[in-house]
1. Just in the range C:80-157: which trypsin sites (Lys or Arg not before Pro) are loop by DSSP and have at most 11 other Cβ atoms within 10 Å?
2. Taking the alpha-carbon centroid of each part, what is the distance from the range A:209-234 to the range C:48-102 in angstrom?
3. Starting from the Cα of B:SER390, step 7 Å along the direction of its Cβ; do the same at B:ARG126; then give the gap between the two resulting points in nm.
4. Please state the shape class of chain B: rounded when a/c is under 1.5, otherwise prolate if a/b exceeds b/c and oblate if not, all from the C-alpha gyration tensor.
5. From Cα pairs below 8 angstrom and at least 6 apart in sequence, can you work out the relative contact order of chain C, rounded to a whole percent?
6. Which one of B:GLN394, B:ILE312, B:VAL376 has its Cα pushed farthest toward the positive end of the charge dipole of the range B:251-398, where Lys and Arg give +1 and Asp and Glu give -1 at the Cβ?
7. If each residue's Cβ is checked for other Cβ atoms within 10 Å, how do B:CYS323, B:CYS210 rank with the fewest at the top?
8. Order of C:258-267, A:58-67 by packing, highest average Cβ count within 10 Å first?
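Derivation of every value follows stated rules applied to the coordinates shown; laboratory data play no part. Keep in mind that what you see is a predicted model, and the values were worked out from it rather than measured. Heads up, the Cβs are rebuilt from the backbone with ideal geometry, glycines too, and the neighbour counts pull from every protein chain shown.
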Amino acid sequence: MRDTASAIPQGELGKPEFEKQGFSAALLHFLAANPALIILAVLMVAGTVLSPVFLTTQNLLNILWTVSVLGIVALGQTILLITGNFDMSVAYVVGLAGITAVIAQLWGAGLVASILLGLLAGALVGLLNGVIIVLTKANAFLITLGTSILVYSLNLILTQSKTWYASVDSFLLLGRGKLFDTIHYSVIIFLVLGLLLQFILRQTIFGRSLYIIGSNQRAGELSGIRINRIKLATYVFCGTTAALAGLIMTARTGSTVANAGVGMDFDSLIAAVLGGTSLFGGRGGTLRTIVGVLILGVLNNLLVLLNVPYEAQQIAKGLVFLSVVWMDGLLQKR
Amino acid sequence: MQDTPLLEMRSVSKVFPGVRALNQVSIALQPGEVRALVGENGAGKSTLIKILSGVYQPSEGEIFLDGRLTEMRDPAHALKLGIIPVHQEVNLEPYLSIAENIYIGRQPRNRFHLIDYPRMNTDAARWLAELGVVTEPSLPLGMVSIAERQMVAIARAVSLDARVVIFDEPTSSLTQRETERLFSVVRRLKEKNIAVIYISHRLEEIFRICDTLTVMRDGALVTTKAITGVNTDDVIRLMIGRDLKDLYQKTATPIGRPVLAVKKLSVQGILKDISFILHSGEIVGISGLVGAGRTELARAIFGDLPYQVGEIWVDGKLLRATCPDDCIDAGIGLIPEDRKDEGLVLGLPVANNISMTILGKLTRWGVIRGRKEMAVAEEFVHRLAIKTPSVKQQVQYLSGGNQQRVVIAKWLVTNPKVLLVDEPTRGIDVGAKSEIYALLNQLAGQGVAILMISSELPEILAMSDRILVMYQGRIQAELPGKTASEETIMRFATGQAA
Amino acid sequence: MWAKTRHFVLRQNVVILLLLLVVFFSLTIGSLFLNGQNIHNVARQISFDIPLALALTIVLIAGGIDLSVGSVLSMAAALTMGLQPYGSWFSVTVALLFGAGVGLVNGLLVTKGRIVPFIATLGTMTVVRGIMLTYTRQQPIAGSDAAFTFWGAGSLGPIPVPILIVLALALLVHLLLTYTSLGRNFYAIGGNNEAAFLAGIDVLRNKVLAFVLSGLLAAVSGVLIASRLNSSTVHIGLDSGLWAIAAAIIGGASLTGGKGSALGAVFGVITLGVLVNGMNLLGVHTYYQIGIRAIILITVVAIDALSAMNLRKKQMMQAYGARE
């Protein structure tokens, strides 16, 4: 019962309960705060034991490269999750951005113009999501599922279900280029963006507002935070990061199709939640999401190395999602 | 009186993490007894009621029904045992019909074992008629007034097979006539040898219908007495543990220039033609029944409830606000009624809660200057004597009184000209209350204009320079704080006088 | 009864919407739209959507949501076909039990696990889909009992058998929702959870039952589709869940809970069915149809939120004695 929970009086000044309860509780607290790191460590050990090629620089760099696209999507999703909102349209926005850029190139747009147009497409979808949700206060989950399908139909109309190829060669560097011939640019973009966002979240007025909205929107509103503006901004931002991910993905293969990025809606949620960002808003961060994305990447890598069939991976993903959400709920109630 | 009590609680305690909400409370009720239960907000009355009605389980102690040890496992079980709480009108079903609200969970069936709506409606109409309510029982509950909803809750309780009926502030939204109907219901329950627990803030009601009185304070039982042996002053002294004069000390402050002027403010269906002026250094109390529009008035002034007609002037400037942010810039602050839902972000540290209202001033290029934020927070924690191990402590671990001080601090940092205060002492223990009053007084002394909404009449009477009494969205009367009495306020608040 | 029907017609915009659609398509398409064969087709088509809309209506009334119905539908279809060699009745029973079982899991996740319904059912949606893909190895399964196709593909005179089945089902759900305390408890829980609890209703048990009914009805839909196609493929049920949510809301249910009716759900499905049929007859390209469906879903959810906001305002004004 909600009422029962809110009726629980808070302790007289003093410390949170767990700090009074000794070692096992303190350990629980530490695990509760950083379970993702432990999961990652366990998976790394498991990988090393199970496969001789797992712990090679090549394989690790490869994992990073594989996850960076999903990672960038998950970073944007994290920003939204902190405010207690969702964006399920990111998957097809990933496709839309690539399609927009590739088609723009066919029409003669240069490198920069095509990238900007791709990002703009994502920003516009984010704007559409934000406007509808701010104006109607409707369920963000269902609205963005709706726009997701809308974007998919747009992708189908634009591509006519055919594969389209990028015609500007320098564009491919975005996906295939490496710094010092070792680390892919996309990996660097992912990691730098994650760090930058963490700074914004923790140190700026914008970031602070996100946590306040996610924890108690009403209190924030009554303290002078312009909720609607910030919500709009986060949706536009999330759309734009999804578009950036889409551009990188397209640049990797040099081509794109209508359903490029399918599944990234759910996967980005899983990554963020695995990292320790709450689905209920108010808790989390992009550094955590980086860890969450790495967990997914290592897990996928292991499953492939172990020849686990795709169908079983689906089941595993769902079960992992449910158990993480369940634990998140337990922490929330503690 | 008989030997075996109908209902008895023996040394019942309820402990929540960090707090003892109920401490060793023992109460015995005889059949046909009408027992008043009084105490300030946060005295433990609602915890006691929740234990009796099966919502909470006691941490210690035992409950006996007819002398037999009994456990109320959940609300369903308590109802089956005949312990019937009359909940506030918010605990009803807005979409279901009035009749269904009365018969929720026990609808009459026809011979096919399906719900018999015609019979349910006729029966419901009969119960309502006994309470003097004439409403079509098939109407959705959400379509009738708060007072009528409260009567529906009462009708439901009366229609159940009761042994003990618990009324929790039943008259807070009722007019005089409806209150009289309620009293005759209580008398009839008494005749049927049903025990009644009656909780009310209005002491004169208690003296009219109750036989015995139990006073609670800070989670513990203070005393139980026959009603005939006590008077109002005794009861108040028992409730707050000292003389009223010690608790409320209004220091006279010079009243300055007009700061807030509200002119002909109307919100369709909620507020009607509200005009008043608030001066610097002045505390104006707003009184009225639940649903009279008190909180909504504060929300309208604070840019949180759009109004169609009227003007609000702050310090000689017309306020054109579309959201609270604009009002904060104009120098208005709002201490909301619900501290936890509207005032604080419980999971954030004290410092972040205090700085919420002035983040714009603490940043350079959008980056929060952490040290300055801490310094401001430290200063106000010190000034308001907020008891917390550090400004980095999460607010949820502070006591109610200290949490309320954090809310006040977060508005003091904005250096407001006008402070709207909605139920400032709700859920705060007695000791902390007087400190909140002192703080409000001190602010008025510094020239802040304060509009104080409160349901507690002694609080309104003791603190206000002037009192505005609201009734059905209007200001029914303006009374001078010195000469007003509880009785005159209630006459205006229930619409008997205009 | 007539007074009630009239009340329903006047109160539910869905009927007006449906009439407008019928008039519009009659004028633009003409006899191709309004002829016996086409009506027969529409009736058959919508009969597979009605159980899903009923499922969502029940869960929405009880204040939840169920995103897993599409996955349950496809797995139920796969089980119906895959286990047919052991006997059709056996396979149908297993399929229905599977649906009820997933509903039970959903209910327990929501009540015992305290996971919000759309997150919990999003999880089970993924898991069940994974189970289906594993079970079928992503291959279609063909039926082996020709007589079984009667339930989905057969006709009694001009009337398709499945529409008779689902209309009977709708009647049962109507009786359940309106004339049993279980149904009224659903409304009470969705309308005000706390009030229902304080009134002595076993909130957790009733919520679980709502999800079980939802899973069961989704499985019915899967069985009927399998019977109709005499096979199952991995593609069925992909977006059925969202479509059913839209139908339920068009029929008067709300994401805020406590509202909706079986009759409304049926009308919601008919309305959307007529729309799709009309678009097909008009030759609207599939890509655009997908977009139009998306816009409908968004509009429906947005309008639901706006009307909930309006209702709150209206109720507040009522509470304050409707002062002018």
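1. C:LYS112, C:ARG137
2. Between the Cα centre of the range A:209-234 and that of the range C:48-102, the gap is 41 Å.
3. Going from the B:SER390 label point to the B:ARG126 one covers 6.8 nm.
4. prolate
5. Value for chain C: 32 percent.
6. The one lying farthest along the dipole's positive direction is B:VAL376.
7. Values: B:CYS323 19, B:CYS210 22.
Ascending number of Cβ neighbours within 10 Å: B:CYS323, B:CYS210.
8. Values: C:258-267: 25.1, A:58-67: 17.5.
In descending order of packing, they fall as C:258-267, A:58-67.
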